[in-house]
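A.B. asks: Quick one: the structure is below, questions incoming.
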Amino acid sequence: MKSAYELAMERLNKSAPVTKMTDEQKKQLAELDSRYAAKVAEREIFLKEKLAAVRAQGDFEAVAQLEKQLTSERKSIHAELEEKKEKVRHAS
């Protein structure tokens, strides 16, 4: 007799089967993670330098704008990363 968990997992596998990734796909995903982590770090360093300069001047409107820009750029870089990762995952 199967448990409710086992039955639920069987139903889940029928609707969305688990796919195995090849070593090459895993390598590509790791490379993408590394590359995009570097992009995020680069943008953070660049904008944090600007933030420090603007804070020293006391321009709090510009500080808020730069923080908003940093958040926006992080989101767009992460979205781009996820899009590329999905392409790798679904490549045969």
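A.B. asks: Exactly one of (1) free of Cβ contacts under 8 Å to residues at least 60 places away in the same chain; (2) in contact with a Lys or Arg (Cβ under 9 Å, 6 or more places away or on another chain); (3) closer than 18 Å to Glu86 by Cβ is unmet by Gln25. Its number?
C.D. replies: The number of the failed condition is (1).
A.B. asks: Could I ask something else about it? List every residue pair whose Cβ atoms sit under 8 Å apart, with the two residues 6 or more apart in sequence or on different chains, where the first one lies in the stretch 67-92 and is without any contact (Cβ under 8 Å) to a residue 40 or more places away in the chain and the second, anywhere, is among the aromatic types (Phe, Trp, Tyr) and surrounded by 12 or more Cβ atoms within 10 Å (Cβ to Cβ).
C.D. replies: Matching pairs, first to second residue: none at all.
A.B. asks: Right, here's the next one. Only one residue in Arg89, Arg43, Arg74, Arg11 is assigned to a helix (DSSP H, G or I) and either exposed (fewer than 11 other Cβ atoms within 10 Å of the Cβ) or acidic (Asp, Glu) (or both), so which one is that? So that I can check it myself, show each step before the final result.
C.D. replies: Values: Arg89 fails: either exposed (fewer than 11 other Cβ atoms within 10 Å of the Cβ) or acidic (Asp, Glu) (or both); Arg43 fails: either exposed (fewer than 11 other Cβ atoms within 10 Å of the Cβ) or acidic (Asp, Glu) (or both); Arg74 fails: either exposed (fewer than 11 other Cβ atoms within 10 Å of the Cβ) or acidic (Asp, Glu) (or both).
Arg11 is the lone residue from the list that is assigned to a helix (DSSP H, G or I) and either exposed (fewer than 11 other Cβ atoms within 10 Å of the Cβ) or acidic (Asp, Glu) (or both).
No lab work stands behind these numbers, since they all come straight from the coordinates. Just so you know, these numbers come straight off a predicted model, no measurement behind them. Counting neighbours? That spans all protein chains shown, and the Cβs are built from the backbone with ideal geometry, glycine included.
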